[in-house]
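Novice: The structure that follows is given in the form of structure tokens.
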Amino acid sequence: MTTPALLPLSGRRLPPLNLGASAFPHHRATLRLSEKFILLLILSAFITLCFGAFFFLPDSSKHKRFDLGLEDVLIPHVDTSKGGKNLGGFLIHGQGHDEHRHREEEERLRNKIRADHEKALEEAKEKLKKSRDEIQAEIQTEKNKVVQELKKKDSKPLPPVPLPNLIGINSGEPADLDIREKRNKIKEMMKHAWDNYRQYGWGHNELKPIARKGHSTNIFGNSQMGATIVDALDTLYIMGLHDEFREGQEWIDKNLDFSVNSEVSVFEVNIRFIGGLLAAYYLSGQEVFKIKAVQLAGKLLPAFNTPTGIPWAMVNLKSGVGRNWGWASAGSSILAEFGTLHMEFVHLSYLTGDPVYYNKVMHIRKLLQKMDRPNGLYPNYLNPRTGRWGQHHTSVGGLGDSFYEYLLKAWLMSDKTDTEARKMYDDAIEAIEKHLIRKSNGGLTFIGEWKNGHLERKMGHLTCFAGGMFALGADGSRDDKAGHYLQLGAEIAHTCHESYDRTTLKLGPEAFKFDGGVEAVAVRQNEKYYILRPEVIETYWYMWRFTHDPKYRQWGWEATQ
């Protein structure tokens, strides 16, 4: 679950952000309305309607009625000389008026009350059909509307913020002819993919290349939100494909709409949409990307409305109703999902001046710091209702991976001032090295998975990103262990290369074992596939940047071929 991080490929970080509590102006306390109060309001309105029908429907044998909601409700100056009676400023007409007119008005009033009564009953029936979560979400949405209306009174446009001076995006061609040809081939592959998506799947989330048609997956909802367009923007820009970049920008400006009835993955939408939009904004300076990112972030905030503040895995962009994956341990949220929001949300607060995003992710961090961790390890599952760990399963691959990546990058993004994030990273890596990292009989270093006190000697493709992470975190590590972690990164890169090299196609499997004589190869049939995962190439890239050993470029080219 690694992401196209907000660290530009030039190796330069975004501007250091100082986002402590003092960085934000004082915000008015938001309106707090309890769910019980909202329900009482609805109930009281219904009772009032019933009492109105009982007491205000007139008896035609006696005096006549108030004209409620009609043309002469209030008659401030009453002439009582013609038989009328003045009661509290309202005129009750006397017998001298046209009886036929009174009967018509009475009938109109009865019809009006009857229609209001039936409407209220229908609304009540509709409410009863909804689940408890949906009702709570609607109540929360109404609360948010009240808060937003209050904010509108003194709302301001997004503040201008300094953009980094990005150097190296167009830094010329490599001197080495062979490297130049390989780089141009990679660019050609990107353009091939973009052009065919443009022709066959434009606006859809994904392209089915064999069927040559668009596809929308459940993690992005069933709406055409152009996930491929948004996720590809930074790559297009860095490769100098500016015409294609402008095509994507135009589609986003005119078509990207988040007011859709779609249930989406909070994690996936954050890293690919918000992350993609923010990266495009920082690269190009085009305001549309920042505006869209902020709009979408507002749609994700209801996912945090849980007893603990740990967000749901999924949220409906229209209703705000959230829930977790049915397969996750006892309704738990997943470490790699709620732990992979920090960088984007910190930048949202930086760009908007609104601390709500920063506060959401810092709350998650504070909660995790208070919790006991078995053997110092973070389990992959945490229940958002109870605040307790689910199944004691720890992985640096799927379900856990990018949580550790974001701790390290939060420290880097802060210009190394977020020492809290660095400490959490160092503590976690020490426990991982102690309990999960082993060397096989054949001398390959691998990272296993911890399940209920037992080490499973299996490594997933997703875990291969950790080689690059260890290298990235070497500088600044405890006890002057930079050399140790750079070497550990190189060993993981070697193991993952072996998982590629030991296959027929020279592309690595989804997972590989280290049992007995079997090393770095897939055993099960359901692990013998490759789905364009980037983690191995990511580690090659980091190792090339830190060591400039040409073998990493060669390994990358093998995978390309």
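The values are calculated or read from the model by the stated rules, or taken from the named source; none is laboratory data. The shown structure was predicted, so the numbers you read here are calculated from the model rather than taken from an experiment. No Cβ is skipped: glycine too gets one built from the backbone with ideal geometry, and neighbour counts run over all protein chains shown. Ligands, DNA and RNA are excluded from the accessible area calculation, which covers all protein heavy atoms including side chains. Shrake-Rupley method; radii C 1.70, N 1.55, O 1.52, S 1.80 Å.
Novice: Determine the relative contact order of segment 172-256: mean sequence separation of Cα pairs under 8 Å and six or more apart, normalised by residue count, in whole percent. It would help to have the intermediate numbers written out before the result.
Specialist: On the way: 73 pairs, mean separation 15.9, N = 85.
Reported as a whole number, the value is 19 percent.
Novice: Moving on. At GLN391 and GLN554, where each label point lies 7 Å from the Cα along Cα→Cβ, what is the point-to-point distance in nanometres?
Specialist: Between GLN391 and GLN554, the label points sit 4.2 nm apart.
Novice: Ok, one more. Suppose all protein chains stay in the model; what accessible area per residue would a 1.4 Å probe give for segment 172-256, in Å²?
Specialist: Working: 4810 Å² over 85 residues.
Normalised by residue count, the accessible surface of segment 172-256 is 57 Å².
Novice: Here is a follow-up. Kindly write out, for segment 409-414 in residue order, the coupling ³J(HN,Hα) from the Karplus curve 6.51 cos²θ - 1.76 cosθ + 1.60 (θ = phi - 60°), rounded to whole Hz, with x marking Gly and Pro.
Specialist: After applying 6.51 cos²θ - 1.76 cosθ + 1.60, I find 6, 5, 5, 5, 5, 8 Hz.
Novice: Could I ask something else about it? Can you give the local net charge around ASP176? Use residues other than it whose beta-carbon is closer than 12 angstrom to its beta-carbon, Lys and Arg +1, Asp and Glu -1.
Specialist: Details: positive: ARG180, LYS182, ARG183, ARG553; negative: GLU173, ASP178, GLU181.
Net of charged neighbours comes to +1.
Novice: Each residue of segment 229-237 in order: what ³J(HN,Hα) in whole Hz does its phi give by Karplus 6.51 cos²θ - 1.76 cosθ + 1.60, θ = phi - 60°, with x for Gly and Pro?
Specialist: With coefficients 6.51, -1.76 and 1.60, one gets 4, 5, 5, 8, 4, 5, 5, 4, 5 Hz.
Novice: Right, next: How much accessible area per residue does segment 425-560 have, in Å², with a 1.4 Å probe?
Specialist: 45
Novice: Tell me the carbon and sulfur percent of the accessible area for segment 264-391, rounded to whole percent, probe radius 1.4 Å. Walk me through the numbers on the way to the answer.
Specialist: Working: 1900 of 3850 Å².
Its accessible area is 49 percent carbon and sulfur atoms.
Novice: Sticking with this structure for a sec: Using the Kirkwood radius over Cα pairs, work out the Stokes-Einstein diffusion coefficient for segment 402-534 at 37 °C and 0.692 mPa s, in µm²/s as a whole number. Numbers along the way, then the final one.
Specialist: Working: Rh = 15.6 Å.
Stokes-Einstein gives a translational diffusion coefficient of 211 µm²/s.
Novice: Once amide H atoms are built 1.01 Å from N in the peptide plane, which residues 5 or more positions from SER333, or in another chain, come under 5 Å H to H?
Specialist: LEU382, ASN383
Novice: Where in segment 387-410 is the amide nitrogen less than 16 Å from a point lying 7 Å along the Cα-to-Cβ axis of LYS439?
Specialist: Hits in segment 387-410 for LYS439 at 16 Å: none.
Novice: Here's something else I'd like to know. On a 19 Å Cα-Cα criterion, which of the cross-link pairs LYS143/LYS299; LYS127/LYS318; LYS318/LYS366 come out too long?
Specialist: Working: LYS143/LYS299 14 Å; LYS127/LYS318 17 Å; LYS318/LYS366 30 Å.
Pairs exceeding 19 Å: LYS318/LYS366.
Novice: Could you please report the charge total around HIS494, scoring K, R as +1 and D, E as -1 over all other residues with beta-carbon less than 14 angstrom from its beta-carbon? List each step's numbers first, then the result.
Specialist: Working: positive: LYS439, ARG502, LYS551; negative: GLU491, GLU498, ASP501, GLU519, ASP549, GLU558.
After counting each charged neighbour, the total is -3.
Novice: Further, regarding this structure: How large, in percent, is the carbon and sulfur part of the accessible surface of segment 172-256 at a probe radius of 1.4 Å? Could you put the intermediate results ahead of the total?
Specialist: Values: 2310 of 4810 Å².
Using a 1.4 Å probe with all protein chains present, segment 172-256 comes out at 48 percent carbon and sulfur.
Novice: For the pair LYS366 and THR417, what calculated FRET efficiency results from E = 1/(1 + (r/R0)^6), where r is the Cβ-Cβ distance and R0 = 22 Å, to the nearest 0.05?
Specialist: Details: r = 18 Å, r/R0 = 0.80.
In this case the efficiency is close to 0.80.
Novice: So how do 303-312, 498-507 stack up, highest first, on mean other-Cβ count within 10 Å?
Specialist: 303-312, 498-507
Novice: Keeping all protein chains in the complex and leaving out DNA, RNA and ligands, what accessible area do you get for GLU104 with a 1.4 Å probe, in Å² to the nearest 10?
Specialist: Accessible area, nearest 10 Å²: 100 Å².
Novice: Under 1.5 on a/c is rounded, so check that first for segment 172-256, then, if it is not, pick prolate when a/b is larger than b/c and oblate when it is not; a ≥ b ≥ c are the square roots of the alpha carbon gyration tensor eigenvalues. Please list the in-between numbers first.
Specialist: Working: a/c = 2.85, a/b = 1.86, b/c = 1.53.
Taking the square roots of the gyration eigenvalues as a ≥ b ≥ c, segment 172-256 is prolate.
Novice: Per the Debye formula with a single identical scatterer at each Cα and no solvent contribution, what log10 I(q)/I(0) holds for segment 264-391 at q = 0.10, 0.14, 0.16 Å⁻¹?
Specialist: -0.31, -0.60, -0.76
Novice: Take the Cα atoms of segment 241-296, find their three principal axes, and give me the spread along each one in whole Å, biggest first.
Specialist: 32, 20, 18
Novice: Carbon and sulfur together cover what percent of the accessible area of segment 425-560 at a 1.4 Å probe radius? Please list the in-between numbers first.
Specialist: Values: 3160 of 6180 Å².
For segment 425-560, the apolar C and S fraction of the accessible surface comes to 51 percent.
Novice: So, one more: Magnitude of the Cβ-charge dipole of segment 425-560, K/R +1 and D/E -1, about the Cα centre, nearest 20 debye?
Specialist: For segment 425-560, the charge dipole is close to 420 debye.
Novice: Pairs of alpha-carbon atoms within less than 8 angstrom and 6+ residues apart define the contacts here; what relative contact order does segment 355-454 have, in percent?
Specialist: On the way: 90 pairs, mean separation 23.7, N = 100.
Reported as a whole number, the value is 24 percent.
Novice: Counting pairs of alpha carbon atoms under 8 Å apart in space and at least six apart in sequence, what relative contact order in percent does segment 264-391 give?
Specialist: Working: 178 pairs, mean separation 31.7, N = 128.
It rounds to 25 percent for segment 264-391.
Novice: Could you give the accessible area per residue of segment 264-391, probe 1.4 Å, as a whole number in Å²?
Specialist: Values: 3850 Å² over 128 residues.
Heavy-atom accessible area per residue stands at 30 Å².
Novice: Let me ask you something else. What residues have an amide H closer than 5 Å to that of LYS458, excluding those fewer than 5 places away on the same chain, when H is modeled at 1.01 Å from N in the peptide plane?
Specialist: For LYS458, whose amide H was placed from the backbone, the distant partners under 5 Å are GLU449.
Novice: Just to check I understand the Karplus step: with θ = phi - 60° and J = 6.51 cos²θ - 1.76 cosθ + 1.60, what whole-Hz values come out for segment 315-331, glycine and proline as x?
Specialist: The phi angles translate into 8, 7, 5, 8, 8, x, 6, x, 7, 9, 4, x, 8, 6, 3, 6, x Hz.
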